[in-house]
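Before any comments, here is the structure.
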Amino acid sequence: MSYYFSKTINGKFETIEVKVRALLKDEGFGVLMEIDMQATLKEKLNKDFRKYKILGACNPPFAFKALEAEDKIGTMLPCNVILQEHYQNNIEVSAINPMVSMQAVGNSTLESVAQEVSSKLENVINKLENEK
């Protein structure tokens, strides 16, 4: 089992980001934070890097269930979704597979929560399509 779900599609980075955010919303997630790695690496290290953005997605009802089951689970929240441009208009979108990360915790109550969140994140990835 892979630690992430991923799909590479063709389209403009910014347009695909809008689609990813909308699909996350459809699955009950909000984006709590974002990190623009391209801008950060340029600013902090003066290094050029491809377009690469990390979106910290959270589904509040599932986050609450997870926190009730395991008070340190916040170290693994939010669920990260990344967009990266490998070359112009070739964008890979990847999301964490919570089923894999939660196995390390060893709390059976978390398993059902992780399974539901994994399913929702996989839906987001699977619904992405090339721009027409």
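Annotation note: Cβ proximity below 6 Å between a residue of region 1-29 that is touching a residue at least 12 places away in the same chain (Cβ under 8 Å) and a residue that is hydroxyl-bearing (Ser, Thr, Tyr) and in a strand (DSSP E or B) (sequence gap 6+ or interchain) occurs for Tyr4/Ser94; Ser6/Ser94.
Screening region 28-51 for residues that are aliphatic (A, V, I, L, M), surrounded by 14 or more Cβ atoms within 10 Å (Cβ to Cβ) and in a helix (DSSP H, G or I) and picking the one that is nearest to the chain's Cα centre (by Cα) gives Met37. So which residues in region 73-86 are out of contact with any Cys (no Cβ under 6 Å at 6 or more places or on another chain) and in contact (Cβ under 8 Å) with a residue 24 or more places away in the chain, if there are any at all? Matches in region 73-86: Ile73, Met76, Cys79, Asn80, Val81, Ile82, Leu83, Gln84, Glu85, His86.
The residues of region 81-132 that are hydroxyl-bearing (Ser, Thr, Tyr) and under 15 Å from Lys19 (Cβ atoms) amount to a single one, Ser94. The C-beta contact set for region 94-106 (first residue under 29 Å from Glu129 (Cβ atoms), second residue β-branched (Val, Ile, Thr) and assigned to a strand (DSSP E or B), distance under 6 angstrom, 6+ apart or interchain) comprises Ser94/Ile82; Ala95/Val81. Report yes if some residue within region 111-130 is surrounded by fewer than 16 Cβ atoms within 10 Å (Cβ to Cβ) and either in contact with a Ser or Thr (Cβ under 8 Å, 6 or more places away or on another chain) or not in a helix (DSSP H, G or I) (or both); otherwise report no. Yes; the residues of region 111-130 include at least one that is surrounded by fewer than 16 Cβ atoms within 10 Å (Cβ to Cβ) and either in contact with a Ser or Thr (Cβ under 8 Å, 6 or more places away or on another chain) or not in a helix (DSSP H, G or I) (or both). For region 45-57, the criterion of being in contact with a Leu (Cβ under 6 Å, 6 or more places away or on another chain), among the aliphatic types (A, V, I, L, M) and touching a residue at least 24 places away in the same chain (Cβ under 8 Å) is met by at least one residue. On inspection, Tyr87 does not qualify as surrounded by 16 or more Cβ atoms within 10 Å (Cβ to Cβ) and either among the aromatic types (Phe, Trp, Tyr) or out of contact with any Lys or Arg (no Cβ under 6 Å at 6 or more places or on another chain) (or both).
No value in this document is a laboratory result; all are computed from the given coordinates. Predicted model only: the values in this text are computed from it and were never measured. Counting neighbours? That spans all protein chains shown, and the Cβs are built from the backbone with ideal geometry, glycine included.
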